[in-house]
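Here is the structure we will look at.
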Ligand SMILES: [Zn+2]
């Protein structure tokens, strides 16, 4: 196992942890800063603000955003001014790979707005060459500082892969999740979607394998990570609580 491999325990370690990493803005209320980065506001990202943000700051923005969302205290930004502010250019700080699930839209669960986050979404949050190409645009060309792969609980795509569902083009889509199904050991009494613990283990393994695939298939993204210009990490979203468990 190399340093970049996140095993299942890394997600569990993140569960239940206080995700508000510093005394920054919560619900629009500016609190004294405990770290060097500026609290996120409703102001759209600019070239200057993106450049000033470190990858760790960008990760903190996502953590603080989910903390606001889960607490029911979003920033309540009016997105219309951000439309005007980003009309001639975008400078997002993050790229979040997530499932198409209607309960897991990245902008909402991380309390972000127009111009903040690239949101490539596909059933089962895996990556193929086209997704990786999109991520290379987001991070290498457009300057995103954190690349997060977010799986989620109760994932229908993962359940479909566990049950070998066959349905038109979806069959091929689910084939991308089958390596995670095969990689999860045990659960011999029930390796179907009826076993919630098995489904969760496969969803977590799928995030782990997706991260590994990104690093293996993209020397550009792996190179940015190696230089310290990009954090590549995983997370699991709980559709029942609204909370994200972060691997890093
Ligand atoms: Zn899903």
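No lab work stands behind these numbers, since they all come straight from the coordinates. Source: prediction; values computed, not measured. A quick note on method: Cβ atoms are made from the backbone with ideal geometry, for glycine too, and the neighbour counts reach across all protein chains shown.
In table form, for the structure just shown:
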| quantity | calculated |
| --- | --- |
| The chain: relative contact order in percent, alpha carbon pairs under 8 Å with at least 6 residues between | 24 percent |
| Rounded to 10°, Cα long-axis angle of helix 196-217 versus longest principal axis of the chain | 70 degrees |
| Bridge type composition, the chain - antiparallel percent by DSSP, nearest 5 | 20 percent |
| Max mean-square fluctuation residue, GNM over the chain, Cα-Cα springs under 10 Å, options 53, 147, 170 | 170 |
| Segments 138-145, 55-62 sorted - mean Cβ within 10 Å per residue, highest first | 55-62, 138-145 |
| Quotient of Cα Rg and 2.2 N^0.38 Å for segment 159-211, N being how many residues it contains | 1.06 |
| Rounded to 5, the percent of DSSP beta bridges in segment 46-156 classed as antiparallel | 0 percent |
| Prolate/oblate/rounded call for segment 187-248, Cα gyration tensor, a/c under 1.5 rounded | oblate |
| Percent RCO, i.e. relative contact order, over segment 61-208, from Cα pairs under 8 Å lying at least 6 residues apart | 22 percent |
| Calculated P(r) of segment 99-155 - Cα pairs past 17 Å, % | 38 percent |
| Distance histogram in 5 Å bins (all Cα pairs of the chain, percent per bin) | 1, 6, 14, 18, 20, 16, 12, 7, 4, 2, 0, 0 |
| With Cα atoms, 0 to 90° folded angle of helix 55-70 axis to the chain main axis | 80 degrees |
| Dimensions in Å of segment 110-248 - Rg and Dmax from alpha carbons | 15.5, 48 |
